[in-house]
Structure formats: structure tokens, C-alpha cells
Amino acid sequence: MSIFREWGIEPIINVSGSVTRLGGAPMPRAVLDAFCAAASDSVPLDQLQAAASRVIAEATGAEAGIVTNGAAAGLMLGAAAILTRCDIGRMEQLPFTETMPHEFVVAREHRNGYDHAVRAAGVRFVEVGFHEIVAGAGVRRAEAWEFETAFGPKTAGVLHVYDINAAPPLAELVKRAHARNLPVLVDAAGELPPRSNLRDIIATGADLVVYSGGKAIRGPQSTGILCGRRDLIGSALLQMLDMDDHFELWDPPADLIDKSKLAGIPRHGIGRALKVSKEQIAALLTAIKLFTSGIYNRELADMERMLKEIAASLTNAPVRCQLLPSDGQTYPMLEITLTSGKNAFDVCRSLRQGKPSVQVGHMKLAQGTLIINPLHLNAERTAILIGRLTAEC
Ligand SMILES: *Cc1c(COP(=O)(O)O)cnc(C)c1O
């Protein structure tokens, strides 16, 4: 019996993956145990974040890192750190930034809904490049020289949304930005797997990188990682922690926050609205350990077997199934293309509205294709899903 029935909500069959809209990734038992175990003792949150920093540094190769309230919170805190560094007067001012350099240069093609978090800290974007390939009006993507011409006295930093095929490549962008002493903030929230991206992105020299904790890492849905330069991570932590203490008594972790550099004890910063609990931190650190061990990859064969079972059961349905196998790290996927002439949006809606409600991947509905992501599947759900797909396709 699902706990959600207690409040009149029916659980759904989620074959859409770790999407936030449907509650994120399934947490392994060990992660849940860590969450519960952390609830029974009190600890100073700054010390716990300093311990998290050591775990994150080891996992990523970064100098330091903190657990944030999701990757989007990491983007906001990372931007706040770049805007203010260790200037507590500026921290107090955010998100009003007229009196400080506050522009971030970004490739126009990197603009997306998550950059609202960067703007929320007080950043104003200056866009470079065009969508001319999409417009059919050209052949070139954003180029490094365009960033250089956009750098000026109001520039505070650079935002880059990570993709292995990004233009200009991150390493090139970092080189140009660093020549002007500008830090680069990277959104890599959804770039795991491959596991190697946990180290390879920071290795480009990027100053700050964010990852979601509630996607492939399988931590609590509302966790994320912000990692990178120690001074910037210290600034981000300072702007997130609860600061209700006396300067004389305040003893922040020395490896993240240099008290001697601060004129006083700042008040609650812009990140106080993004607080992280000790339970979330303990759970995410446990999930990072599992993720980096490669143990999740052992489930891939099972996932592929369930997708094959679904495809086999649809042999007589008016669909064409294509199994996209795992590359050893990514999840295998099943694409189901409708051949009956039915509209895929209508089928998707019927699947959502029926009992139980089924939510499939909806990236390719315009091409008549439903996508099945096996992350949340087990034997029981697979059997139910087969029944629903057979009825609706
Ligand atoms: C998922 C995602 C985010 C947001 O991550 P949360 O952990 O849900 O806050 C930001 N940027 C990109 C590119 C993402 O895919």
C-alpha cells in the first residue's frame, strides 16, 4: 500500500526517468538508511558541509565542494559567490548588483529555464553567438572570440551549460576567461552518467561546476553538488549557512572559510532560502559513494531484460519497437513508435489519465514515438505497464 493514498494521491508508473516533475530517482536502501540515521543526532551544519567538501573533493578532483538544495540552487549560490567573493557588504546587497560587476557572458544557445537561478542571484546575462544553424541562416555556433569582445568592466563571470559537443569547447572558454581573470560557472546538472564527467569537467579548469544529486547519483531529489575553487565554495557556503551566532564564538571550518579575512559575521545570505538538512547531506554523501563505486551499472542488464520483455509483448500491437542498448553506463531505452496512425500525444494523454497512470518519456512525441526509461521499473511494474501499453497503443 502506497503511503500517498493516505492523502488521496494514487502513485503512478514512472517510465520517464529521474525527472523532477515525477519525484526524481529511486533512492537505494543505503541512502535511505543514511537519511534516517542522520536524523537521530544533532551536528553543526558548517562542520558537516566541511566534511562533505572533503568527500566531494575526492570524488570530483575539485579543491572543495558543498551539498546544495538541488543543482539549480548550486547555480544560484555559485553565481552569488562569483558576484561577491568574500565581500560581506556585497553579500548583504544581493540580489541588487548595480554597484558591482554583475554581467555573465553566455552563449545564446546555452540560455535555458534553469538559468533563472543564476539571474535570481542578481546576474544580468550578456548573450553572444546566434542560433543561426537552427534558423537555417548560417553554419557557425558560438565562438571564443565573441566572448572576448563581450568581456568588459561590468563582466563578473561566464556561464556554460556542459555538453561534450558544446561550442566553444569548455576548456577553450576557460582559457579565454581566465586570461581576463573571470571565473566560469558550469551547469552539468544532467551530465551523469558517464561517471567520468564527475572528474573531467572540473579538470578543464572550470571554477565552479554543479551536478544534480537526485538524478543519476540517486540521492534525495532536492540535493545537488556545487564544487570547485575553495575561495568561491567558501563564499557560497557563507551565503547559505544559518548565521545566527556571535562573531566571538563563531568558529567556521578553516579549510573553507577564512575568518581572518572577514570584517564581521555576515547575516543570513541569499542562499538561506536554499537550506540543506543534515539528513540530505548524509544521504547524498552515501549516494555519491555508491555512484562512484560503479555499483549501479550492475542493474543495467536487468533493465535491458525488462525492456526486451516489454518489446516482445507488443509484437502484435500496431507499433515498432527499438531497443537502444546501454553503453555500459547509460540506461538502455525502449522507443515505441506508433504505426496505427494514432496521435502520440493522445496516446500519451490516455496513458497518463488511465489507471494506473503511466508517464512515458515525451521527448519524441512529435515524431510519433513514446520512450520507456527503465530506471523505476521492477517485475511487478513491468507487468502492469505491459497491460497499459497494450490497451492504449
Ligand atoms: C536537472 C537540471 C537542472 C536542475 O537540477 P536540480 O537538481 O533539479 O535543481 C539544471 N540544469 C540542467 C541542465 C538540468 O538537466
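Rounding to the nearest 10 and keeping the result within 0 to 90°, find how far the Cα-based axis of helix 230-240 lies from the longest principal axis of the chain.
80 degrees
Please state the charge dipole magnitude for the chain, taken about the Cα centre, from unit charges on C-beta atoms (+1 on K and R, -1 on D and E), reported in debye and rounded to the nearest 20.
860 debye
Rounded, prolate or oblate, given the Cα gyration tensor of the stretch 42-293, with a/c below 1.5 counting as rounded?
oblate
With n ≥ 4 as the cut-off for DSSP H runs, can you work out [θ] at 222 nm for the chain, using -39500 (n - 2.57) per run divided by the number of residues, rounded to the nearest 500? Before the final figure, lay out each step's value.
Details: 14 runs with 141 residues, N = 393.
Value at 222 nm, helices only: -10500 deg cm²/dmol.
Using Cα pairs under 8 angstrom and six or more residues apart, how large is the relative contact order of the chain, in percent? It would help to have the intermediate numbers written out before the result.
Details: 753 pairs, mean separation 90.5, N = 393.
Reported as a whole number, the value is 23 percent.
Rank GLU98, GLU380, GLU146 by mean-square fluctuation in a GNM of the chain with C-alpha springs under 10 angstrom and give only the top-ranked residue.
GLU380
Which percentage, to the nearest 5, of the DSSP beta bridges contained in the stretch 42-293 is antiparallel?
So the antiparallel bridges amount to about 40 percent of the total.
On average, how much accessible surface per residue is there in the chain, in Å², for a 1.4 Å probe, leaving out ligands, DNA and RNA?
47 Å²
Using the Kirkwood radius over Cα pairs, work out the Stokes-Einstein diffusion coefficient for the stretch 234-358 at 20 °C and 1.002 mPa s, in µm²/s as a whole number.
Values: Rh = 20.0 Å.
The Stokes-Einstein estimate is 107 µm²/s.
With everything on Cα atoms, drop me the angle between helix 344-353 and the longest principal axis of the chain, reported from 0 to 90° to the nearest 10.
80 degrees
Pick from VAL15, VAL139, VAL118: which is most flexible by mean-square fluctuation in a GNM of the chain where alpha carbon atoms under 10 Å apart are linked?
Of the options given, VAL139 has the highest mean-square fluctuation.
With springs only between Cα atoms under 10 Å, which of HIS246, HIS116, HIS102 fluctuates most in a Gaussian network model of the chain?
HIS246
Would you mind telling me the share, in percent, of accessible area of the stretch 1-154 contributed by carbon and sulfur at probe 1.4 angstrom? If you can, show how the numbers build up before the last one.
Numbers: 4600 of 7860 Å².
Heavy-atom surface of the stretch 1-154 belonging to carbon and sulfur, 1.4 Å probe: 58 percent.
At a Cα cut-off below 30 Å, give the lysines reachable from LYS355, other chains included and same-chain residues fewer than 8 away excluded.
By straight Cα distance, LYS355 reaches LYS215, LYS308, LYS342, LYS364.
The values are calculated or read from the model by the stated rules, or taken from the named source; none is laboratory data. Not measured: the values here are computed from a predicted model. Heads up, the Cβs are rebuilt from the backbone with ideal geometry, glycines too, and the neighbour counts pull from every protein chain shown. Areas reflect the complete protein model, heavy atoms only, side chains present, ligands, DNA and RNA absent. Shrake-Rupley method; radii C 1.70, N 1.55, O 1.52, S 1.80 Å.
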